[in-house]
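Presented below is the structure to which this report refers.
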Ligand code: NAD
Ligand code: IPM
Ligand code: MN
């Protein structure tokens, strides 16, 4: 039968609680749909850093390169500066494996409520397509005259034609598969005078190739306001690395909880493994109690199966999540319930096994 090789990296904090539930549901899907998952477990985390001075071994990326996909929990823990932990593990994976698309669905699920008054599932259903390898997240810059009154820091933003065009193309292609066929661009070309006008220029250029797609664009500040006041305007929203990051916490928040939000870090050409992880982080404030919501992780597992060509299994997980939420299945506190992380994982695994 078909075998998919998965590198499993739970990471820090609640990643260690959500990943086992993700695997539980993936296992149920594999059994039901007749494929095998060959799992390689990596315990790389901030604890590894404390012991070895590195977030992952020197050949860590080579080890991951052998897998078909990477299933990650969260990275970052108090005591290790975030820029050390994230740039020692998560960001190098995204960049080395050219996972230039970060695909982040924002969907108000039936049976859950938005913090926005009078909004239902038909009002909030869009994707954030985030550029994931360049932009504001650059390693170009530095600190000059450290510790002196002349001290200053710079950080360059890098927008390549190749990088901008490919994320925009992905957004337009995605919109073509959706009923509303609309792409919104997140910009800030009123305040940022080189990169953002360039972004707008490339967006207008790309739009010419897709006459059937409606487009609009907003500066990031008012776009955040529109996410709250008019979430129904959006279908596919394309943004730079930083703007996409911000919008992909705001979107799930207006859709109810970042605890259910999944993400896919995709190398569409499949030259390298892609990585699937929830949008949320390690949640130090609730870690260790097994009260976090595992649905973001489980849904990320569904996105992984879809990427691996297991569309039926991916759909079954999605249906299980939808039915579970719509029919009042056990839910964690972020969704107003009292259930534990494992209760939700078990219920969803059972639903997948029993033919959701
Ligand atoms: P966070 O997403 O970890 O937590 C923000 C808030 O949301 C917290 O109150 C938390 O309890 C809650 N929350 C998050 N996930 C939840 C879930 N599944 N169920 C219920 N509640 C949930 O963001 P943060 O506090 O800014 O970051 C904590 C650490 O995680 C930092 O080190 C940060 O850099 C890192 N981080 C990592 C990733 C990643 O690995 N992709 C993403 C975001 C943040
Ligand atoms: C995310 C996270 C990361 C990002 C951080 C932890 C570096 O916020 O995956 O959204 O900014 O990409
Ligand atoms: Mn983020």
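Set side by side, the residues 256, 288 differ, and just one is at positive phi and more than 19 Å from the chain's Cα centre (by Cα), which is 288.
Within the stretch 89-98, the set of residues being surrounded by fewer than 23 Cβ atoms within 10 Å (Cβ to Cβ) and touching a helix residue (DSSP H, G or I) at 6+ places or on another chain (Cβ under 7 Å) comprises 92, 96. Only one entry in 318, 247, 325 is within 16 Å of ligand 3 (Cβ to nearest atom), part of a helix (DSSP H, G or I) and either free of Cβ contacts under 8 Å to residues at least 24 places away in the same chain or farther than 16 Å from residue 18 by Cβ (or both), namely 247. The residue of the stretch 283-313 that is surrounded by the fewest Cβ atoms within 10 Å (Cβ to Cβ), among those that are under 20 Å from residue 252 (Cβ atoms) and free of Cβ contacts under 8 Å to residues at least 24 places away in the same chain, is 285.
Within the option set 82, 123, being over 28 Å from residue 268 (Cβ atoms), out of contact with any strand residue (DSSP E or B) (no Cβ under 8 Å at 6 or more places or on another chain) and within 16 Å of ligand 3 (Cβ to nearest atom) holds for one residue only, 82.
When residue 256 is tested against the conditions (1) away from ligand 3 (no atom under 16 Å from the Cβ); (2) crowded, with 20+ Cβ neighbours inside 10 Å; (3) assigned to a strand (DSSP E or B), the lone failure is (3). Quick check on residue 319: is it surrounded by fewer than 17 Cβ atoms within 10 Å (Cβ to Cβ) and more than 30 Å from residue 273 (Cα to Cα)? Here the answer is no, as residue 319 does not meet what is asked. For the stretch 172-206, the tally of residues that are farther than 12 Å from residue 236 by Cβ and assigned to a strand (DSSP E or B) stands at 1. Out of everything in the stretch 207-223 that is in contact with a strand residue (DSSP E or B) (Cβ under 9 Å, 6 or more places away or on another chain) and in a helix (DSSP H, G or I), what residue ends up being nearest to ligand 3 (Cβ to nearest atom)? Only one residue fits best here, namely 220.
Could you tell me whether the stretch 146-161 includes any residue that is exposed (fewer than 14 other Cβ atoms within 10 Å of the Cβ) and in a helix (DSSP H, G or I)? Yes, there is a match, as at least one residue in the stretch 146-161 is exposed (fewer than 14 other Cβ atoms within 10 Å of the Cβ) and in a helix (DSSP H, G or I).
Screening the stretch 1-18 for residues that are in contact with a helix residue (DSSP H, G or I) (Cβ under 6 Å, 6 or more places away or on another chain) and closer than 19 Å to residue 321 by Cβ and picking the one that is surrounded by the most Cβ atoms within 10 Å (Cβ to Cβ) gives 18. Scan 163, 147, 88 and give me the residue that is without any contact (Cβ under 8 Å) to a residue 24 or more places away in the chain and more than 16 Å from ligand 3 (Cβ to nearest atom). Only one candidate passes the filter, namely 147.
Residue-by-condition table, conditions (1) within 10 Å of ligand 1 (Cβ to nearest atom); (2) over 24 Å from residue 231 (Cα atoms); (3) part of a loop (DSSP other than H, G, I, E, B); (4) assigned by TED's automatic domain parsing to the domain that holds residue 342:
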residue: 263; (1), (2), (3), (4): yes, no, no, yes
residue: 269; (1), (2), (3), (4): no, yes, yes, yes
residue: 276; (1), (2), (3), (4): no, yes, no, yes
residue: 283; (1), (2), (3), (4): yes, yes, yes, yes
residue: 286; (1), (2), (3), (4): yes, yes, yes, yes
residue: 290; (1), (2), (3), (4): no, yes, yes, yes
residue: 293; (1), (2), (3), (4): yes, no, yes, yes
residue: 300; (1), (2), (3), (4): no, no, no, yes
residue: 303; (1), (2), (3), (4): no, no, no, yes
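The values are calculated or read from the model by the stated rules, or taken from the named source; none is laboratory data. All of these numbers come straight from a predicted model, not from anything done at the bench. Note that we place each Cβ from the backbone using ideal geometry, even for glycine, and neighbour counts take in every protein chain shown.
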